[in-house]
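Values in this text are rule-based calculations from the coordinates and carry no lab data. Here the structure is a predicted model, which means the values were calculated and not measured. Neighbour counts run over all protein chains shown; Cβ positions are idealised from the backbone, glycine included.
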Amino acid sequence: MCGIVGFTGAQSAAPILLEGLKKLEYRGYDSAGIAVMDERKIAVHKVTGRIANLCEKTQDGLGVTGMTGIGHTRWATHGAPTEENAHPHLSNDGKFAVVHNGIIENYLSLREELIHDGYHFESETDTEVIVHLIEMFYRGNVREALIRTTNRLRGSYALGVICSEEPGKIYAVREASPLILGIGIGENYFASDVTALVNHTRNVIYLEDGEFAELSSESIKIFDCSGQAVDRRPTRILWDVQAAEKGGYEHFMLKEIMEQPGAVKATIAPRIRNGRVAFEELGLSAEELQGIRKIIITACGSAYYAGCSGKYAIEKLCRIPVEVELASEIRYSDPIIDEHTLLIVISQSGETADTIAALKECKARGAKTLAIVNVVGSSVAKLADYTIYTWAGPEIAVATTKGYTTQVAVLYMLAVYIAERLGKIEGKEKQLIRALQDLPRRIQQAFDLNSSIPALAKKYHASKSIFFIGRNTDYAVALEGALKLKEISYLHAEAYAAGELKHGTIALIEEHQPVVALCCNPSIMEKTLSNIVEVKSRGAEVLALTFRNNQKILSVADDFLFIPDVDSLFSAIVEIVPLQLLAYYVARENGCDIDKPKNLAKSVTVE
Ligand code: F6R
């Protein structure tokens with residue numbers, strides 16, 4: 001996730017901006033930059049890689065004169081992590097510099113329009129349209145130009161802006177992306193989060209969506225989208241810096257779980273255009289799509305389980321056979337692949353050794369290769385023929401949560417995209433697109449429905465072992481639910497296809513054995529219900545995951561996790577949320593190091 005800082009006052013801005021950016025490093029980034037205004041000139045300094053490089057380039061900021069400036073750490077989304085794509089971006093006339101956190105959903109059409117009007121682009125970013133729009137709308141009044149610019153933007157943005165015609169002023173804008181103003185004495189600040197502010201001030205103002213702020217060394221003025229002044233009382237920050245980094249949450253994992261509605265929205269919303277899924281990244285022609293005889297999905301760990309969930313949606317909608325293979329297995333299995341195979345590799349980090357090897361192996365055998373990746377410019381992204389980014393933002397907790405759900409979101413979109421191009425879903429497009437757009441809201445509802453999870457964790461945390469059962473799409477989610485629990489709570493957890501129980505595993509069911517039963521797929525609900533009855537009659541304690549009004553399940557299980565009504569084709573992405581929370585609270589009860597579980601690494605770059 002990108003980070004923004006801004007400063008105006010009576011001391012050199014660059015060292016303060018660099019210090020603020022260092023405080024935001026924990027959010028993850030791959031390039032950084034500052035723009036500082038001296039008299040009526042803006043100087044921009046950018047680097048790829050670490051803030052240390054920016055410090056070196058600017059002699060820790062001492063080589064940059066000026067007392068007003070903005071800074072940015074970029075986590076690449078649109079365009080690779082290069083200096084050109086790093087922020088701040090300058091307007092063609094050099095009067096404006098802009099830093100941006102968020103995603104501009106309609107940037108492609110704006111970019112075309114601006115190019116048509118003679119504006120020249122230096123980067124591949126969505127952000128650059130903003131600075132050119134500001135230049136286009138500027139008639140001597142920055143406020144007005146900002147309001148007119150934001151009227152044209154769709155998406156999420158926190159913006160920091162400086163204008164060489166207004167020395168000593170910094171502007172901030174917020175829409176669906178955090179931005180906080182810091183109130184100093186004879187100086188003022190803004191930043192993406194309070195960690196970058198607390199060394200200077202604990203008096204802050206939280207800007208709200210649709211609000212703008214004009215900061216000088218002596219004043220902060222807030223106004224709304226019609227230019228009307230807004231009165232806002234400051235808040236006093238009482239958090240320590242560590243808590244602030246986690247956005248007030250106890251762990252990064254919980255923060256990232258709670259970020260999922262936003263992350264899934266950032267992944268889906270920009271790709272729905274004119275009622276269709278639009279994947280500019282995917283250059284396969286209709287003819288090439290027609291020629292696909294088989295899809296192989298390969299990945300490791302949770303990314304593999306995301307593939308298991310995606311398989312159902314792709315097969316159901318596209319009627320193309322999908323095999324889901326572990327990357328560590330397929331690379332040595334002499335796989336049957338030809339030019340009619342579409343290989344989909346999934347990786348949050350894009351650096352997993354087995355996944356890279358599997359991709360190389362299958363590509364060499366002639367498959368067309370598509371990567372679903374979170375980290376822009378990573379090895380998997382570079383190796384594949386096509387890459388679709390998940391735009392989840394950086395994941396810091398070792399156990400993946402928003403990485404997984406955004407992977408599933410891309411697979412769902414891909415299912416609709418391919419099926420529509422193959423003419424397999426005529427008459428159903430609108431309903432499917434609506435269901436996709438609705439997913440962030442459904443995930444949010446899953447939080448609201450499950451306030452009992454901390455109490456359930458108290459009941460189940462001391463168990464020796466927990467089984468997860470489910471069928472079909474529920475089974476795919478059970479696999480990920482069990483992995484989440486075992487990796488962070490160190491409790492033994494195993495997922496089984498519910499119909500497999502009586503082929504062996506049921507021998508392990510005894511008095512008080514916890515069984516998490518996933519019953520979210522109406523087409524096979526009765527079958528799972530029978531399995532619940534089977535384990536109950538052997539003394540199991542059943543924690544059912546189902547809909548709130550599912551009377552049949554409510555009458556047999558002991559405890560419940562709930563999901564809201566959601567199309568069963570796309571329910572996995574919602575079902576996993578209560579299971580992530582269950583794993584989190586069980587691990588918390590057990591006093592585990594949740595963000596850094598023992599023996600695990602975030603990115604597995606060795607075989
Ligand atoms: C589990 C987890 C791992 C990863 C796996 C693949 O919470 O995070 O199972 O999913 O190591 O990693 P990526 O997606 O980076 O290839």
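List of remarks:
- The modelled label-to-label distance between His116 and Arg538, using points 7 Å beyond Cα along the C-beta direction, is 6.7 nm.
- Using only the C-alpha atoms, the convex hull of segment 515-607 corresponds to 158 Å³ per residue.
- Taking amide H positions as modeled 1.01 Å from N, with prolines and chain starts lacking one, the residues under 5 Å from Ala544 and 5 or more places away or on another chain are Ala517, Asp558, Asp559, Phe560, Leu561.
- Rounded Å value of the spacing that divides the Cα centres of segment 399-426 and segment 314-391: 15
- Relative contact order of segment 162-310, defined on C-alpha pairs under 8 angstrom at six or more residues apart (%): 15
- Value of [θ]222 nm, deg cm²/dmol, for the chain, DSSP H segments ≥ 4, -39500 (n - 2.57) each, nearest 500: -10500 deg cm²/dmol
- Relative contact order computed over the chain (Cα-Cα under 8 Å; 6+ residues apart), in percent: 11
- Summarised in one figure, the compactness ratio Rg/Rh of segment 449-594, Cα atoms and Kirkwood Rh, is 0.93.
- Normalised by residue number, the volume inside the convex hull of the Cα atoms of segment 1-150 is 102 Å³ per residue.
- Scaled to the globular estimate 2.2 N^0.38 Å, the Cα spread of segment 2-65, given as radius of gyration, is 1.04.
- Ordering Ile292, Tyr404, Ser489 by Cα displacement along the dipole of the chain toward the positive end leaves Ser489 in first place; charges were set at the Cβ atoms of Lys, Arg (+1) and Asp, Glu (-1).
- The magnitude of the dipole of the chain, with charges of +1 and -1 set on the Cβ of Lys/Arg and Asp/Glu and taken from the Cα centre, is near 880 debye.
- Calculated on alpha-carbon atoms, Rg and Dmax of the chain in Å: 25.3, 80
- In straight-distance terms, cross-link reach from Lys221 covers every one of the lysines whose alpha-carbon lies under 25 Å from its own, apart from those fewer than eight places away in the same chain; here that gives Lys41, Lys95, Lys169.
- Projecting the Cα positions of Gly423, Ala263, Thr390 onto the charge dipole of segment 247-437 (unit charges on Cβ atoms of Lys, Arg, Asp and Glu, taken about the Cα centre) puts Gly423 furthest along the positive direction.
- Which of Gly94, Ala446, Asn203, positive extreme of dipole for the chain (C-beta unit charges): Ala446
- Screening the chain for DSSP H helices whose Cα atoms reach 20 Å or more along their own axis and whose mean Kyte hydropathy is at least 1.0 gives 572-589.
- When each of Lys294/Lys484; Lys464/Lys484; Lys484/Lys602 is checked by Cα-Cα distance, pairs over 22 Å: Lys294/Lys484
- Dipole magnitude of segment 449-594, debye to nearest 20 (Cβ charges: Lys/Arg +1, Asp/Glu -1, about Cα centre): 160
- Assigned charges on the beta-carbon of Lys, Arg, Asp, Glu; segment 247-437 dipole about Cα centre (debye): 620
- Look at the alpha carbon pairs under 8 Å that are at least 6 residues apart: their mean separation over the length of segment 1-113 gives a relative contact order of 33 percent.
- Under 13 Å from the Cα of Lys458 - aspartates and glutamates, other chains or at least 8 residues apart: Asp559, Glu589
- With the convex hull drawn around the C-alpha atoms of segment 247-437, the volume per residue stands at 104 Å³.
- As a rough footprinting exposure proxy, the listed residues His89, His200 were ranked by other beta carbons within 10 Å of their own, and the order from fewest upward is His200, His89.
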